[in-house]
Amino acid sequence: MRKTSEEELTELKKILEREFPSLKKTITRNLSCLIFAFVLLLRTYRGWYGRLTLSGIARCFPARATSKNRYKRLTRFLDNENFQMVDLTTDLVRLIYEEENLLPVIIDQTAIGDVQVISANVPAEGRSIPLATSTFEYGKIETSQNRL
């Protein structure tokens, strides 16, 4: 890895440690590698051929290992039960709305094929930032849709 890339990765780790203190160090390290891989992949001309794959992300993962080992590390991180997007929510909200007591939340339900997606989003500068997302299928609801 080039020296500038190592510096960028180190800076990204420091930012994540400072802004998301609730995350474990291993989660922070892997998350910074994942973000770095996304940035590197999207910077690369024709590096992802118009679609995003785990193999493509793993190729850009900043590690001195074979592509197979980087792919394994990526999939293990993504499957890690100790890291959930909910863990980022509190710190992310703090970054967006530092001083406000009330937080506006937009709830939206949409369908992707047969799967229903419910998301809670916070408006920020003309965009919406997801706080929580849940998926379900109507045929698999056992009791009530209100208990999802």
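Answer with yes or no whether Leu92 is modelled with pLDDT under 85, surrounded by 13 or more Cβ atoms within 10 Å (Cβ to Cβ) and not assigned by TED's automatic domain parsing to the domain that holds Pro21.
It is true that Leu92 is modelled with pLDDT under 85, surrounded by 13 or more Cβ atoms within 10 Å (Cβ to Cβ) and not assigned by TED's automatic domain parsing to the domain that holds Pro21.
In this structure, does Arg76 turn out to be over 22 Å from Leu131 (Cα atoms) and in contact (Cβ under 8 Å) with a residue 24 or more places away in the chain?
Judged against the criteria, Arg76 is not a match.
I need the full set of residues from the range 57-80 which are in a loop (DSSP other than H, G, I, E, B) and either in contact with a Ser or Thr (Cβ under 8 Å, 6 or more places away or on another chain) or farther than 15 Å from Leu31 by Cβ (or both), in order please.
Answer for the range 57-80, where residues must be in a loop (DSSP other than H, G, I, E, B) and either in contact with a Ser or Thr (Cβ under 8 Å, 6 or more places away or on another chain) or farther than 15 Å from Leu31 by Cβ (or both): Pro62, Arg64, Ala65, Thr66.
Filter the range 9-33 for residues that are assigned to a helix (DSSP H, G or I) and buried (at least 17 other Cβ atoms within 10 Å of the Cβ) and give the result.
Residues satisfying the conditions are Leu9, Leu12, Lys13, Leu16, Ile27, Thr28, Asn30, Leu31, Ser32, Cys33.
The values are calculated or read from the model by the stated rules, or taken from the named source; none is laboratory data. Computed from a predicted model, the values in this text were never measured in an experiment. Ideal geometry is used to build each Cβ from the backbone, glycine not excepted, and the neighbour counts take in all protein chains shown.
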